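Asks: My questions all concern the structure below.
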Amino acid sequence: MNDVPQIVKIKEIIDETPSIKTFVFDWDMDKYGTPNPGEFLMVWNFNNEKPMSISKINDNELAITVKNVGEFTNELHQLKVGDVLGIRGSYGNGFSYDLKNKKVLAIGGGVGMAPINSIATALANNGNDVDVISAAVNGDELLFVDSLKDIGVNVCPCTDDGSVGFKGFATNLAIELIKDTSYDIAFVCGPEIMMKGVFDILEDNEIPAEYSMERYMKCALGICGQCCVDNTGWRICVEGPVFSNDLLKEINEFGKYHRDASGIKH
Ligand SMILES: Cc1cc2nc3c(=O)[nH]c(=O)nc-3n(C[C@H](O)[C@H](O)[C@H](O)COP(=O)(O)OP(=O)(O)OC[C@H]3O[C@@H](n4cnc5c(N)ncnc54)[C@H](O)[C@@H]3O)c2cc1C
Ligand code: FES
């Protein structure tokens, strides 16, 4: 882990969808450590700093995948190859990546596919049989479908409008897949309303699962308390962002509310 922002040069920018870009940069794994799938980085553009999941982990190279939704992410989207960022981390506990010979279901909604891409890649490369539900509002916004297929993952695209793949929500497709396949474990990341729906389905079917949670973060060091959740007081930046289904049950606010930068509930 590296708590001092390292200045990295953006070496590649991939236009993934009309609203999502991937930024690739070199990362000295010997010096700063090799992140595990599900861990996140604090990304500083010398104006503001926000958490981003690691979407790709290659030899001495990392990537983040960013959806343009507000001021900070819009600023990132204006960057060009050769521009620099300050990166600290990696932080958080990540997913269980050290599995072998398992039947895995990974579900990513929208830009929630970022950490799902890194865990699905690691598990497929480790000999697991991985099905991925990549869900988005429409076909243009689908993430990582072709690149995951290329490494042997069975990708099931799923769109709200039915323009590509299954028509409906990730929850509906999860129900269909679970009918025919017996999964050992599932990994989930996406809007919390989606994760809550998936949580109920996986619990009903007794499939153990890990979920990546998002909360507003400031320090990412476990000090400021900004990302604490009710009633446990767990810090999403330290005890999370990944929680097993058993731990998630303890977080009363899951699927109900979150706090903004000033601590107000929404
Ligand atoms: C552990 C962790 C990992 C994260 N990983 C990623 C990642 O891989 N990629 C990524 O793009 N973001 C990721 N985020 C979210 C990111 O840190 C920012 O909070 C988010 O991108 C909004 O930043 P902003 O300043 O541009 O928008 P803000 O000004 O904070 O928000 C602008 C508007 O967009 C809404 N909004 C905020 N976040 C989202 C969202 N994710 N999707 C849709 N609407 C949103 C807000 O409610 C608000 O209405 C992660 C957050 C956490 C805690
Ligand atoms: S962001 Fe400060 S404790 Fe988590």
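Asks: Please list, ordered by residue number, the strands (runs of 3 or more DSSP E) wholly in the range 23-121 having 1 or more residues that are farther than 25 Å from residue 186 by Cβ.
Replies: In the range 23-121, 40-44, 49-58, 61-67, 84-91 are the strands (runs of 3 or more DSSP E) which contain 1 or more residues that are farther than 25 Å from residue 186 by Cβ.
Asks: A follow-up question, please. Name the single residue that is farthest from residue 143 (Cα to Cα) among those in the range 57-75 being out of contact with any Leu (no Cβ under 8 Å at 6 or more places or on another chain) and hydrophobic (A, V, I, L, M, F, W, C).
Replies: 72
Asks: Under 21 Å from residue 35 (Cα atoms), of a type in the set (Ser, Thr, Tyr) and either open to solvent by 10 Å² or more (accessible area, probe 1.4 Å) or not assigned by the TED database to the domain that holds residue 68 (or both): does that describe residue 134?
Replies: So residue 134 fails the test.
Asks: Please determine whether any residue of the range 184-203 is open to solvent by 20 Å² or more (accessible area, probe 1.4 Å), away from ligand 1 (no atom under 16 Å from the Cβ), out of contact with any helix residue (DSSP H, G or I) (no Cβ under 8 Å at 6 or more places or on another chain) and farther than 27 Å from residue 257 by Cα.
Replies: yes
Asks: Only one of 261, 186 is touching a residue at least 24 places away in the same chain (Cβ under 8 Å) and within 16 Å of ligand 2 (Cβ to nearest atom); which?
Replies: The match here is 261.
Asks: Continuing with the same structure: Inspect the range 70-79 for any residue being assigned by the TED database to the domain that holds residue 208, open to solvent by 20 Å² or more (accessible area, probe 1.4 Å) and of a type outside the set (Lys, Arg) and give the result as yes or no.
Replies: Checking the range 70-79: not a single residue is assigned by the TED database to the domain that holds residue 208, open to solvent by 20 Å² or more (accessible area, probe 1.4 Å) and of a type outside the set (Lys, Arg).
Asks: If you don't mind, there's one more thing I want to ask. Anything in the range 240-266 that is of a type in the set (S, T, N, Q) and open to solvent by 30 Å² or more (accessible area, probe 1.4 Å)? List them, or say none.
Replies: Selection gives 244, 252, 262.
Asks: State yes or no: is residue 152 open to solvent by 60 Å² or more (accessible area, probe 1.4 Å) and within 20 Å of residue 55 (Cα to Cα)?
Replies: Criteria met by residue 152.
The values are calculated or read from the model by the stated rules, or taken from the named source; none is laboratory data. Bear in mind the structure is a predicted one, so any value in this text is a computation, not a measurement. All Cβ positions, glycine included, derive from the backbone under ideal geometry; neighbour counts span all protein chains shown. Just so you know, the surface numbers come from the protein's heavy atoms only, side chains and all, with ligands and any DNA or RNA stripped out. Shrake-Rupley method; radii C 1.70, N 1.55, O 1.52, S 1.80 Å.
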